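Report on the structure given below.
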Amino acid sequence: MPFDSLSITDTLRTHPKKRLNDRLVRSLAPPAKGNRITYDADLKGFGLRVTAAGARAFVLNYRIKGRERRMTIGSYPDWTVLAARREAESLKRLVDRGDDPLLFRERERHAPTVKDLFAKYQSEHLPNKAPRAAADDRSMWQKLILPAMGTTKVADITSYDCDRLHRDISKDRPIRANRVLEVLRKGFDLALRWGWIDRNPASGFRRNPENKRSRYLDETEIERLFDALSKHGEETSCDVIRFLLLTGCRKGEGLKARWDQFDLNAGIWTKQSNETKQRKLHRVPLSKATIQLLRNRQATIKGDFVFPGKHDRPLTDIKRTWLAVRSIAGLEDVRIHDLRHTYASVLASQGLSLPVIGALLGHTQAQTTLRYAHLIDDTLRAATEVVADNLSKSQRVEKTLCGA
């Protein structure tokens with residue numbers, strides 16, 4: 001036992017007090033049964049316990065808040081008499097200050113580990129995230145965080161530990177390393193809220209550079225894409241691609257779209273909070289072309305889902321169709337998510353404001369939409385030319401009037 005408490009029912013026998021030294025400790029004979037403690041004559045409460053099996057361990061008895069306690073310091077000969085005496089003196093100073101060293105040791109023994117942090121994170125935080133995001137978080141914990149630090153006490157994790165994990169992952173997955181540290185930082189934020197730690201060791205880590213990809217289809221490429229879709233035989237997958245480009249929605253939202261989300265007469269698509277990445281209700285108007293696409297499908301499709309797969313479940317993937325279509329169109333460098341960027345770029349090029357673009361895309365933060373700000377430059381430049389032209393005309397009129 002690393003520690004124990006002493007009560008009035010303790011039946012351990014004791015030797016008369018003697019000053020403990022190595023010769024005495026080695027010479028003490030084991031009792032016939034039970035335990036026997038020999039207390040030190042100079043340091044009150046400090047003693048050596050010998051069991052019937054011959055095991056020897058240093059102990060300290062002390063009283064705090066009216067309660068008598070016994071704490072095991074360590075076994076002999078792992079602990080020398082001198083080292084055990086110094087530890088006992090240090091522990092008695094804690095008691096004199098009103099601290100209970102045995103209670104501290106118990107708390108340390110039961111302090112939560114990073115594995116415990118994940119268990120609480122998983123039960124209390126992940127249910128608030130979208131299923132796909134929650135699954136990604138869980139994967140980062142299980143595959144990268146827990147193998148590196150799962151058995152370590154949360155309070156013992158240092159900033160160096162977090163930076164080392166970031167460096168190790170960064171060797172071949174720099175962007176993933178950033179995401180892992182973001183998840184870990186959130187976990188320690190929660191531990192801070194729960195009173196497990198008093199600072200977050202994962203805060204302030206140095207991120208790896210991330211150059212966000214910006215690939216937009218121009219008008220000619222869009223025409224080539226629609227032409228390729230018309231030549232492909234998989235109608236459902238092709239309709240998903242058309243739908244993504246016409247609405248700018250995320251792929252998961254399009255694949256899981258249900259008929260009860262749409263009011264085709266009003267031209268409105270309503271996605272509930274549990275169906276969106278931002279976890280908020282998103283109500284978005286539909287274009288005439290989108291409504292027509294949906295009506296065409298509604299006339300031939302039965303079931304709950306707009307793009308059904310097998311067994312009246314939603315279609316789960318369109319990768320094979322997408323690879324074939326983009327190859328036909330000569331767009332091998334285009335990803336499915338770039339259709340969403342293209343939708344935003346068309347809005348921006350037509351002079352729509354960033355708040356409007358953000359509302360249509362379902363962004364909850366203006367910062368997210370700022371990546372499309374440069375696309376509005378041409379529209380703004382044209383507006384400045386209008387002003388310049390009008391000012392020029394005004395000057396010519398003024399000169400003409402003055403000359404007259």
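Structure values in brief
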{"item": "Unique match (being open to solvent by 30 Å² or more (accessible area, probe 1.4 Å) and within 27 Å of F262 (Cβ to Cβ)) among R297, R313, R326", "result": "R313"}
{"item": "Residues satisfying the stated conditions in the stretch 335-353, i.e. over 13 Å from D218 (Cβ atoms), buried (at least 17 other Cβ atoms within 10 Å of the Cβ), under 28 Å from the mean Cα position of the chain (by Cα) and not aliphatic (A, V, I, L, M)", "result": "R340"}
{"item": "Test: residue in the stretch 31-38 that is farther than 29 Å from G195 by Cβ, assigned to a helix (DSSP H, G or I) and of a type in the set (A, V, I, L, M)", "result": "no"}
{"item": "Test for R179: is it farther than 24 Å from A111 by Cβ, within 16 Å of the chain's Cα centre (by Cα) and not in a helix (DSSP H, G or I)", "result": "no"}
{"item": "Matching residues in the stretch 119-140 - criterion: being free of Cβ contacts under 8 Å to residues at least 24 places away in the same chain and within 18 Å of Q272 (Cα to Cα)", "result": "P127, P131, A134"}
{"item": "Answer from G233, G252 - the residue that is part of a helix (DSSP H, G or I) and open to solvent by 20 Å² or more (accessible area, probe 1.4 Å)", "result": "G252"}
{"item": "Answer from I222, I145 - the residue that is assigned to a helix (DSSP H, G or I), modelled with pLDDT under 95 and among the β-branched types (V, I, T)", "result": "I222"}
{"item": "Every residue from the stretch 103-142 that is in a loop (DSSP other than H, G, I, E, B), open to solvent by 50 Å² or more (accessible area, probe 1.4 Å) and within 14 Å of K186 (Cα to Cα)", "result": "K129"}
{"item": "Which listed residue is within 19 Å of L339 (Cα to Cα), among the small types (G, A, S) and more than 36 Å from the chain's Cα centre (by Cα), from A266, A289", "result": "A289"}
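The values are calculated or read from the model by the stated rules, or taken from the named source; none is laboratory data. From a predicted model like this one, the values you see are computed outputs, not experimental measurements. Note: ideal-geometry Cβ built from the backbone for every residue, glycine included; neighbour counts use all protein chains shown. Calculation scope for accessible area: heavy atoms of the full protein, side chains included, ligands and nucleic acids excluded. Shrake-Rupley method; radii C 1.70, N 1.55, O 1.52, S 1.80 Å.
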